[in-house]
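Notes for the one structure printed next.
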Amino acid sequence: VRTARRELRAGAVVNAAGTWGGAVAELAGVALPVLPRRGFVLVTEPLPRVVRHKVYAADYIADVASGSAALQSSGVVEGTPSGPVLIGATRERVGFDRSLSVQALRRLAAQAAALFPVLADVRVLRTYHGFRPYLPDHLPAIGPDPRVPGLLHACGHEGAGIGLAPATGTLITAALTATTPPLDPTPFRPDRFGTGAAG
């Protein structure tokens with residue numbers, strides 16, 4: 001691995017670069033079609049505990065599974081112990097565009113108020129966004145890349161990286177230690193997209 005400061009020698013390198021996983025794979029000479037999927041969240045003023053659990057609208061599952069690049073939004077509302085309510089979730093493939101989407105924020109507010117009418121008159125204090133690492137089949141790339149010996153991938157988890165981190169770590173550990181993994185890693189093969197060398 002060459003950095004701006006030095007060259008590091010390692011028997012294995014794990015690409016755990018999230019949304020930038022495709023760019024890191026390209027540095028190693030292979031194609032991995034990780035794309036950013038931008039998402040926004042609204043944060044309300046502190047409230048009494050009006051929302052005690054994370055609540056998802058039913059269309060959230062369809063949005064996650066969709067391959068559309070267009071703006072998609074479905075209500076996800078979660079109260080926090082300190083009072084603010086978090087309102088999501090949008091998805092759109094617009095590259096690494098960091099600009100604010102008023103359309104997306106309006107949709108989120110309307111969908112949250114539909115789930116919890118009490119939120120219709122609540123002030124939003126701030127918004128933030130991030131980029132989910134999207135792969136076309138909605139499964140992460142986990143494990144050794146047969147195109148580059150010593151390169152392993154652990155990226156493309158979209159919005160579920162934190163939840164899937166323990167299982168991902170277990171699969172990577174099994175690959176690095178040549179032990180039997182607790183589940184079949186075949187669906188997560190980094191070379192499953194039929195793309196060869198980057199280029």
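The values are calculated or read from the model by the stated rules, or taken from the named source; none is laboratory data. Keep in mind that this is a model prediction, so the values were computed, not measured. Cβ coordinates were reconstructed from backbone atoms using ideal geometry, including for glycine residues, and neighbour counts include every protein chain displayed. Each accessible area value is taken on the protein alone, full model and side chains, heavy atoms only, with ligands, DNA and RNA left out. Shrake-Rupley method; radii C 1.70, N 1.55, O 1.52, S 1.80 Å.
So which residues in the range 173-199 are in a loop (DSSP other than H, G, I, E, B), open to solvent by 60 Å² or more (accessible area, probe 1.4 Å) and farther than 18 Å from residue 35 by Cα, if there are any at all?
Here is the first cut: in the range 173-199, the ones in a loop (DSSP other than H, G, I, E, B) are 178-185, 189-196, 198-199.
In the following step, the residues that additionally are open to solvent by 60 Å² or more (accessible area, probe 1.4 Å) were identified as 178-180, 182-184, 189, 192, 194, 199.
Of everything in the range 173-199, those that are in a loop (DSSP other than H, G, I, E, B), open to solvent by 60 Å² or more (accessible area, probe 1.4 Å) and farther than 18 Å from residue 35 by Cα turn out to be 178, 179, 180, 182, 183, 184.
Residues that are exposed (fewer than 15 other Cβ atoms within 10 Å of the Cβ) and in a loop (DSSP other than H, G, I, E, B): does the range 30-43 have at least one?
no
If a residue has to be in a loop (DSSP other than H, G, I, E, B) and open to solvent by 80 Å² or more (accessible area, probe 1.4 Å) to count, how many in the range 1-29 make the cut?
Number satisfying all stated conditions: 5.
Sort out which residues of the range 2-15 are in contact (Cβ under 8 Å) with a residue 60 or more places away in the chain and out of contact with any Gly (no Cβ under 9 Å at 6 or more places or on another chain), and write them in order of number.
Of the residues in the range 2-15, the ones in contact (Cβ under 8 Å) with a residue 60 or more places away in the chain are 10-15.
The answer is 14, and nothing else.
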